[in-house]
Ligand code: LLP
């Protein structure tokens, strides 16, 4: 957890969070630099204990939180990047991440995005279909390049996570059917612009047990052996996203156990290992600060109406995800609230029947574990400006993204002459 009480004030590192709320207004995202670095280094350490440092690359999944300051912080720790769009490529490069550590994933990369990636010479492109493979080879030939690719295989393994973030079952849109992989590697061998040197897999996000990872990785290891027998020079395996985190009472596996499993299942292949953690690097490093707008009594319920809403943090309304609420001042929890936002739908609900201390209008609360898939998924619904983002380091804190203004949002609208 990136926050703790000091003198009965909720702090992130050495900074009392009311200072940030007072200075920048609410809702505002706050991230702990220290926690982000620790989380990244925990991966580095765990993997480093089971393989040489040169044997793996940690490509941070930018989609979880792609703020430039976060990317730069991670780059300085030695992180690479997993990107899924031209926009994320732009951000990763601006964050200083070297192309030699950037992997391009994604189920529907456009020709323009692929061309840019090939021109830049990224470390690896993860291919999702035969037509995409053909397109990459064609573009590479035109640009006089040879592109290192990995097929992302769909191992048909249930990640046992939320249905909307499950990606490795046969009915999901992701990857190529693992049974068809040998034919695709054979096809790739015939194409002049690509070199299929890797196998990639990603079965879903927020996995809280090792078993599905192990099952998927074992299928990948089998495939690598088959491909090698068929004469393919497979030198890399991309293991996809990282482990899940604790939002409420989940107990994700210890990283050392994960690393030991990777050593047991993938180690014997002597490949370069790529891993693309996102959530577990930034999730618990962030909170969304919000103030109570009103406390409203319904017929049976007490509603705590916050100034943060589903447009700021979509996870509760989209996935029914649980994000705890921590008041700025510690007090005994004794009142049952439904915690909601001001947006005009019932789905704009953070928590139902949650026991919290008595709160009143103007009180500050932190919506916990919001560093991953928070700010990046926010929208302008209800013409609500995107919240500011602040990075905390020790006693220091700085704005790393300005709050949008309503003028910013509306500036791109146009009224055609024939309407005016
Ligand atoms: N690699 C690939 C190919 C991915 O698709 C993802 C996440 C990751 C890596 C990073 O996975 P992580 O380490 O964060 O579990 N918006 C959803 C999560 C979507 C995850 C999409 N892919 C949420 O808020 O729960």
So if I check each of 321, 331, which one is in contact with a helix residue (DSSP H, G or I) (Cβ under 6 Å, 6 or more places away or on another chain) and surrounded by fewer than 21 Cβ atoms within 10 Å (Cβ to Cβ)?
321
Among the residues of segment 267-307, which ones are more than 16 Å from the ligand (Cβ to nearest atom) and outside the structural domain of residue 20 (by TED's automatic domain parsing)?
267, 268, 269, 270, 271, 272
Give the residues of segment 91-111 that are more than 16 Å from the ligand (Cβ to nearest atom) and out of contact with any helix residue (DSSP H, G or I) (no Cβ under 9 Å at 6 or more places or on another chain), sorted by residue number.
100
Quick one: residue 166 ticks every box in (1) more than 21 Å from residue 58 (Cα to Cα); (2) away from the ligand (no atom under 12 Å from the Cβ); (3) surrounded by 21 or more Cβ atoms within 10 Å (Cβ to Cβ) bar one, so which box is it?
(2)
Might you check whether a residue that is within 16 Å of the ligand (Cβ to nearest atom), surrounded by 24 or more Cβ atoms within 10 Å (Cβ to Cβ) and free of Cβ contacts under 8 Å to residues at least 60 places away in the same chain occurs anywhere in segment 187-198?
no
Of all residues in segment 91-123, which are over 15 Å from residue 145 (Cβ atoms) and touching a residue at least 60 places away in the same chain (Cβ under 8 Å)?
103, 105, 107
Whichever residue in segment 104-155 is under 12 Å from residue 176 (Cβ atoms) and out of contact with any strand residue (DSSP E or B) (no Cβ under 8 Å at 6 or more places or on another chain) and, among such residues, is surrounded by the most Cβ atoms within 10 Å (Cβ to Cβ)
155
Looking at (1) touching a residue at least 40 places away in the same chain (Cβ under 8 Å); (2) within 21 Å of residue 2 (Cβ to Cβ); (3) more than 16 Å from the ligand (Cβ to nearest atom), which is the only condition residue 232 fails?
(2)
Out of (1) modelled with pLDDT under 95; (2) under 30 Å from residue 41 (Cα atoms), the odd one out for residue 170 is which?
(2)
Would you confirm, using the coordinates I've provided, whether residue 240 is within 16 Å of the ligand (Cβ to nearest atom), buried (at least 22 other Cβ atoms within 10 Å of the Cβ) and in a loop (DSSP other than H, G, I, E, B)?
yes
When you go through 318, 313 one by one, which is the residue that is in a loop (DSSP other than H, G, I, E, B), within 18 Å of residue 371 (Cβ to Cβ) and within 16 Å of the ligand (Cβ to nearest atom)?
313
Filter segment 354-376 down to the residues that are under 29 Å from the mean Cα position of the chain (by Cα) and farther than 21 Å from residue 246 by Cβ and list them by number.
364
Specify which of the listed residues (17, 74, 49) is more than 26 Å from residue 384 (Cβ to Cβ) and buried (at least 17 other Cβ atoms within 10 Å of the Cβ).
74
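The values are calculated or read from the model by the stated rules, or taken from the named source; none is laboratory data. This structure is a prediction, so every number in the text was calculated from the model and none was measured. Heads up, the Cβs are rebuilt from the backbone with ideal geometry, glycines too, and the neighbour counts pull from every protein chain shown.
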